[in-house]
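The values are calculated or read from the model by the stated rules, or taken from the named source; none is laboratory data. The shown structure was predicted, so the numbers you read here are calculated from the model rather than taken from an experiment. Methodologically, a virtual Cβ is constructed for each residue, glycine included, from the backbone with ideal geometry; neighbour enumeration extends over all protein chains shown. Remember, those area values only see protein heavy atoms, side chains included, never the ligands or the DNA or RNA. Shrake-Rupley method; radii C 1.70, N 1.55, O 1.52, S 1.80 Å.
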Amino acid sequence: MYVLIPDDPVFFAKFQSLEEPLLGHLYRLHRAGLENDDERIISDAYDSWVQVLLKLPLWPEWHTSGTSADPAVDGRAGYVLYSPRGDQLTSLYPIEVTAVDLGHLTACLDLFVTADQVRQAVPGQMRAEACGEPPAREDGITDVFRRVMEVLLLPPPQQLLGTLRHADSQGPVGAVILEHDQEAEYRRFCEDIVTILSSGDTFAYRSHRAMYL
């Protein structure tokens, strides 16, 4: 299946931040000698996280510079997106993800949610000693994971997806100018992304939303 991923530092930062907790959970399970379903679920999720990471648009440039690169020099994302009025937009790029990888990541998120529920039923000091992580940090990881998965599972507008898949398949094409109905789809879709990633913090939401105006 195809998903639309924004050229968006908020999404990239949240996605990248999942690596440390996934590896940390695996390390703690391995150190404790707990070869069980939890270890398999997290191991599969980490492998799937890597598979998605490698498909993210402009990832090599984000990884090395921490800033968005010029898509015209990247064969994987060879266009810049414009509104019908000629305003440059934050680009969306189609990437193909497998149901298996999404299933592995979803199973791991479910595991983290269950673990959070168990921790919340335990007094604070005992909770910290049992999981080896500050409770607030553990709960925050699950929230970030949930937001990332909601973006990956957000159904893309089919007309917009078709246009961008065609542009992506042509290699570096320079500019893609959306039609008016496609721009309306784009605005609704990007508003959903911003709400998923930044809701709950008014300043973060406003700052994030300004990227798409």
* **Given (1) closer than 16 Å to Gln88 by Cβ; (2) over 18 Å from the mean Cα position of the chain (by Cα), index of the condition Tyr212 fails** => (2)
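Residues checked against (1) of a type in the set (Lys, Arg); (2) open to solvent by 20 Å² or more (accessible area, probe 1.4 Å); (3) modelled with pLDDT of 90 or more; (4) touching a helix residue (DSSP H, G or I) at 6+ places or on another chain (Cβ under 6 Å):
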{"site": "Gln16", "(1), (2), (3), (4)": "no, yes, yes, no"}
{"site": "Glu20", "(1), (2), (3), (4)": "no, yes, yes, no"}
{"site": "Arg28", "(1), (2), (3), (4)": "yes, yes, no, no"}
{"site": "Arg31", "(1), (2), (3), (4)": "yes, yes, no, no"}
{"site": "Asp37", "(1), (2), (3), (4)": "no, yes, no, no"}
{"site": "Ile41", "(1), (2), (3), (4)": "no, yes, yes, yes"}
{"site": "Val50", "(1), (2), (3), (4)": "no, yes, yes, no"}
* Structure fact -> Among residues of the stretch 156-179 being touching a Ser or Thr at 6+ places or on another chain (Cβ under 9 Å) and open to solvent by 40 Å² or more (accessible area, probe 1.4 Å), the residue nearest to Tyr82 (Cα to Cα) is Ile177
* From the residues in the stretch 73-131 that are modelled with pLDDT under 70 and among the acidic types (Asp, Glu), which one is least open to solvent (accessible area, probe 1.4 Å)? -> Asp74
* Could you check how many residues of the stretch 1-14 are open to solvent by 10 Å² or more (accessible area, probe 1.4 Å) and in contact (Cβ under 8 Å) with a residue 60 or more places away in the chain? => 5
* Is there any pair linking a residue in the stretch 24-52 that is under 17 Å from Ala115 (Cα atoms) to one that is not in a helix (DSSP H, G or I), with Cβ under 8 Å and at least six apart or on different chains, and which? -> Gly24/Glu133; Arg28/Gly132; Leu29/Glu35; Leu29/Asn36
* Residue list for the stretch 180-213, restricted to those being loosely packed, with under 13 Cβ neighbours inside 10 Å and out of contact with any helix residue (DSSP H, G or I) (no Cβ under 8 Å at 6 or more places or on another chain) -> His180, Arg188, Gly200, Asp201, Thr202, Phe203, Arg206, Ala210, Leu213
